[in-house]
Amino acid sequence: MSASEAFSRVKIRVGALVFCGEEVALIRRDRPGSVHYTPPGGNVEPGEDLLVALWRELGEELWLGEDQAGAPELLWVVDQRVTRPGPTPSPRKLHLLYRLHVSEAVREVLAVEEYDEQRDGGFEVGVVEWVDFRAAGALPLFPPVGAALAALSSPRAVVADAGWGAVTDDDYVWV
């Protein structure tokens, strides 16, 4: 792979920080030699509206419907330029992270596991964990917004700037 091939494609991923009170839903993925967390979400399909993609992903991963949550609010945009292992050139990925809130009653009926289909037809199982948002800074979370999440004064705190610097090989190692 040449240097010009890396990051020549751009993908967009939508994700959500779904709050219930002071806890946020994160998906924990246990892999050989590592554990990491990610907000529920996924890649936007070509031509797909961003909010349609967000609700599709939340429905697939959490069983959360549009009528069960408050309106999504764009919280952060993270520009990922991290080299990943494998023969395919690493894409540049823009992560659009939204924030929304659900009630305790809705939380009780949401999924507790998420099944991510793999290329071989199998599934990687992720566990939906509700964690106090202030503890997110200590978790291996990607995109790496844990410290910013933990620094919020409350789950509804105003965020003045949604933009982030790039996440690159200089400050992140692919898990």
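The values are calculated or read from the model by the stated rules, or taken from the named source; none is laboratory data. Just so it is clear, the model here is predicted, and its values are computed rather than measured. In this analysis, Cβ positions are derived from the backbone assuming ideal geometry, glycine residues included, and neighbour counts consider all displayed protein chains. These area figures cover heavy atoms from the full protein model, side chains too; ligands, DNA and RNA do not enter into them. Shrake-Rupley method; radii C 1.70, N 1.55, O 1.52, S 1.80 Å.
Listing for the model above:
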read-out	value
Some residue of the stretch 60-75 being in a helix (DSSP H, G or I), out of contact with any Cys (no Cβ under 7 Å at 6 or more places or on another chain) and of a type outside the set (Asp, Glu)	yes
Count - residues of the stretch 132-172 that are in contact with a Lys or Arg (Cβ under 9 Å, 6 or more places away or on another chain) and not in a strand (DSSP E or B)	10
Filter pass, residue 51 being at pLDDT 95 or above, open to solvent by 60 Å² or more (accessible area, probe 1.4 Å) and outside any strand (DSSP E or B)	yes
Matching residues in the stretch 12-42 - criterion: being in contact (Cβ under 8 Å) with a residue 40 or more places away in the chain, open to solvent by 30 Å² or more (accessible area, probe 1.4 Å) and not in a strand (DSSP E or B)	21, 22
Which numbered condition residue 45 fails, given (1) in a strand (DSSP E or B); (2) surrounded by fewer than 21 Cβ atoms within 10 Å (Cβ to Cβ)	(1)
Those residues of the stretch 106-131 which are outside any helix (DSSP H, G or I), closer than 23 Å to residue 21 by Cβ, in contact with a strand residue (DSSP E or B) (Cβ under 6 Å, 6 or more places away or on another chain) and among the charged types (D, E, K, R), in sequence order	113, 114, 129
Any hit, the stretch 85-94, residues being closer than 18 Å to residue 39 by Cβ and open to solvent by less than 60 Å² (accessible area, probe 1.4 Å)	yes
Long-range neighbours under 7 Å by Cβ, at least six apart or interchain, first residue closer than 15 Å to residue 63 by Cα and aromatic (Phe, Trp, Tyr) within the stretch 100-122, second at pLDDT below 95 and exposed (fewer than 15 other Cβ atoms within 10 Å of the Cβ)	115/123; 115/125
Residue that is modelled with the highest pLDDT [pool: residues in the stretch 155-170 that are small (Gly, Ala, Ser) and surrounded by 10 or more Cβ atoms within 10 Å (Cβ to Cβ)]	157
